[in-house]
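Below is one structure, written out as structure tokens, with a few remarks after it.
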Amino acid sequence: MQLSVPLRVTDLVKTYRTPGKPPLEAVKGVSFEVASGECLGLLGPNGAGKSTTMKCITGFFQPTCGEVTILGHDVHRDPREARRGLGVCAQDDNLDTDFSVLDQMVQFGVYFGINRREGERRSLELLRRFGLLDKKDELVEELSGGMRRRLQVARSLINQPKVLVLDEPTTGLDPEARRVLWDILAEERRKGLAILLSTHYMEEAERLCDRVAIIHLGKIVTVGDPRALIEREMGSVPVREEIRPGFPIERLPNLEDVYLKLTGARLSTGVAFS
Amino acid sequence: MHNEVGQFVSLSYRAVYAVWLRYFAVFRKNWFYGLVTTFAEPILFLLSFGLGLGSLIGTLRVGGVSVGYRPFVLAGIVGQTVLIQGFFEASYGGFVRMYYQRIFQAIAVTPVTLSEVLWGETAWGASRATLAASAVLIIGVALGDFSVLGALLLVPACFVFSMIFAALGLLVAARSKTIESISYPQYLLVFPMFLFCGVFFPLSQLPVMVQKAAWLFPLTPVLSLVRTLVLGFPLEIQAPFLVIFWVALLVPLSRRFMIGRLLR
């Protein structure tokens, strides 16, 4: 069998056309690949085009130009085949509140053609790993926000995907729940899962991602290993900042400094780039 | 079958069925709620109009056929059930699934396409309305008011009729900004149909202009066909064509509007 790149995005352009409004170019030519076992982070301010890029990748949006292939299948020309190997955890909570935790997972498997027996086996295993097994018969409404988020990620693994797309998966999670999720993602990567992750947490990106792509105004402004990016953009000169009045500190530059520099944003006061 | 942007993607019946199963699983899980909301309304209407008003009115003569008021209104309730059940499940239910639960969006990134999700939605709405209408048909046959053969033929026909109103409901959900604004088509379109298309009295009781106007709404040909099948009323030849017209218009249009809204 020929090995294809798990996820390849080529010259992706997405223009929203709403009648009566000027066309909005949300994504202006984005290209990248994610290899097996690799985690690529998409960083960028709200409205930079991260979610739009992800929705084009999952085949929900049709891109205006460009191509997305998952395991060699074009996600728009052949959505059924392409999405068989794709797991998606959207930014919005879109759990099916009419079902219990377990039934929800099993029903989701049905959309992938997984029969109930196999679906139940996989679901119980995933719920165990995500620490949700004792909640399996509860309705989604009864779960805390963090548990719902974990369930949504667990559900995205029901089809044993080769490519996982996570849109801000840890927003709203407490530190412990976040650790659980990070550990599971690390484990899945070791098994060869290709992960595309968007996040606003720089330490998460530094920790999880082999490479990060910083996206600004619909374009990737830089991409690379987080440490190499910090080195390249910031050098190794310590950053001085006053974190609280009368509390100046000196620290090593981090990914957030790179992000703020490249997206043209600055914290309102106190950030001094050297 | 074309996908969201007009590319050719074949429609998978298995995928539509997988979506239909979701609705069925919810219905089965809340079976008591399902039974009450499906059957209470037609039975209450039957008791009130069929037995209450029916005893007052006695026999009607419609288009050369003599018929008791109870069978007449019972046939009307078949049409009314198809309308109300199909419309409400798809409009309010569809809006909740699209806007609050975001279920369409969640399923449409699995191997099931958005088009198939919406086919499943409409097929479910029609299934549920057909189930409710079948309950009325059974009552009609049990009371000796309906022809058995007509009632049997009407079950698949009701599925087609229900598609019209499930699609209408989905279209309304797609075009409504808030869940409250579904009330406008409910009061300005659904209730007038329910009151003036001939559920409770023969259209011939109305002024000719109003009769003609009633034929502009899809419930009128539906009621005409129901009464032809179960009561032996003469076939009004325009009725089957109008039903086909409404199915062919509303089913694709509702899907298109919903897809347009979700991809905006």
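The values are calculated or read from the model by the stated rules, or taken from the named source; none is laboratory data. Everything numeric in this text was worked out from a predicted model, so none of it was measured. Glycine gets a Cβ as well: all are built from the backbone with ideal geometry, and neighbour counts include every protein chain shown. Side chains included, ligands, DNA and RNA excluded: accessible areas come from the protein's heavy atoms. Shrake-Rupley method; radii C 1.70, N 1.55, O 1.52, S 1.80 Å.
Note on chain A: with a GNM built from Cα contacts shorter than 10 Å, the maximum mean-square fluctuation among A:121, A:227, A:149 falls on A:121.
Residue B:100 contributes an accessible area of around 120 Å² to the protein surface, as traced by a 1.4 Å probe with all chains present. Spatially, region A:142-216 and region B:26-60 are offset by 51 Å when compared through their Cα centroids.
Within the P(r) computed for chain A, what percentage of the Cα pairs occupies the region above 25 Å? So the portion of pairs separated by more than 25 Å is 50 percent. Per-residue SASA remark: residue A:216, around 40 Å² accessible (1.4 Å probe; ligands, DNA and RNA not included).
In chain A, what percentage of the DSSP-assigned beta bridges are antiparallel, given to the nearest 5? Present the calculation step by step, with values, prior to reporting the outcome.
Working: 28 of 45 bridges.
Percent antiparallel among DSSP bridges in chain A is about 60.
Semi-axes of the equivalent ellipsoid of region B:99-254 are 30, 20, 14 Å, computed as sqrt(5λ) over the eigenvalues of the C-alpha gyration tensor in descending order. Rounded to the nearest 5, the antiparallel percentage of DSSP beta bridges internal to the protein assembly as shown is 65%. Projected over every direction and averaged, the convex hull enclosing the alpha-carbon atoms of region B:2-262 yields 14.3 nm².
Let me check I've understood the local charge: for residue A:148, count other residues with C-beta under 12 angstrom from its C-beta, Lys and Arg +1, Asp and Glu -1. What total comes out? Don't skip to the answer; put the middle values down first.
Values: positive: A:135, A:149, A:150, A:155; negative: A:92, A:93, A:96, A:138, A:141, A:142.
With Lys, Arg at +1 and Asp, Glu at -1, the neighbours total -2.
The mean number of partner chain beta-carbon atoms within 10 angstrom of a residue's beta-carbon across peptide A:92-99 is 6. Counting only protein chain heavy atoms and rolling a 1.4 Å probe, the accessible areas of A:211, A:122 rank, largest first, as A:211, A:122. Sorting A:181, B:195 by solvent-accessible area of protein heavy atoms yields B:195, A:181, largest first, with a 1.4 Å probe.
Working with all protein chains in place, sort A:21, A:55 by solvent-accessible area computed with a 1.4 Å probe, largest first. Provide the component values of the computation, followed by the final result.
Working: A:21 135, A:55 85 Å².
Ranked list, largest accessible area first: A:21, A:55.
With viscosity set to 1.002 mPa s and temperature to 20 °C, compute the Stokes-Einstein D of region B:166-243, Rh being the Kirkwood radius across alpha carbon pairs; µm²/s, no decimals. Approximately 156 µm²/s, per Stokes-Einstein. Interface between chains A and B: roughly 2600 Å² of accessible area buried, both sides summed (probe 1.4 Å, protein heavy atoms only).
Once the Cα atoms are used to define both axes, helix A:101-111 deviates from the longest principal axis of chain A by about 80 degrees.
Neighbours of residue A:28, meaning other residues whose beta-carbon lies under 11 angstrom from its beta-carbon, give a summed charge of 0 when Lys and Arg score +1 and Asp and Glu score -1. Principal semi-axes of the equivalent ellipsoid, √(5λ) from the alpha carbon gyration tensor of region A:129-274, are 34, 19, 13 Å from largest down.
Kirkwood Rh and Cα-based Rg: tell me the resulting Rg over Rh for the protein assembly as shown, rounded to two decimals. Kindly include the intermediate steps, with their values, before the conclusion.
Details: Rg = 28.4 Å, Rh = 26.1 Å.
Rounded to two decimals, Rg/Rh equals 1.09.
Contact residues in region A:33-69 (at least 30 Å² less accessible area with all protein chains than alone, 1.4 Å probe): A:60, A:61, A:62.
Return the carbon/sulfur percentage of the accessible area of region B:127-201, one whole number, probe 1.4 Å, all protein chains in place.
On the way: 2400 of 3110 Å².
The value for region B:127-201 is 77 percent carbon and sulfur by accessible area.
With distances taken between every two different alpha-carbon atoms, region A:77-139 has a Kirkwood hydrodynamic radius of 12.6 Å.
Once you've got the GNM for chain A with C-alpha springs shorter than 10 Å, pick whichever of A:196, A:127, A:42 has the biggest mean-square fluctuation. Of the options given, A:127 has the highest mean-square fluctuation.
Computed over chain B with a Gaussian network model linking Cα atoms closer than 10 Å, the most mobile of B:63, B:76, B:169 is B:63.
Relative to the longest principal axis of the Cα atoms of chain A, the long axis of helix A:116-129 lies at roughly 40 degrees. P(r) tail for region B:43-102, what percent of Cα pairs lie past 17 Å? Of all Cα-Cα distances in region B:43-102, 54 percent exceed 17 Å.
Roll a 1.4 Å probe over the protein chains and send me the accessible area per residue for region B:170-264 in Å².
Numbers: 4850 Å² over 95 residues.
Roughly 51 Å² per residue, with all protein chains present.
Determine the alpha carbon to alpha carbon distance for each of A:21/A:219; A:55/B:177; A:50/A:136 and list only those over 27 Å.
A:50/A:136
In the assembled protein chains, residue A:120 presents an accessible area of approximately 90 Å² (probe radius 1.4 Å).
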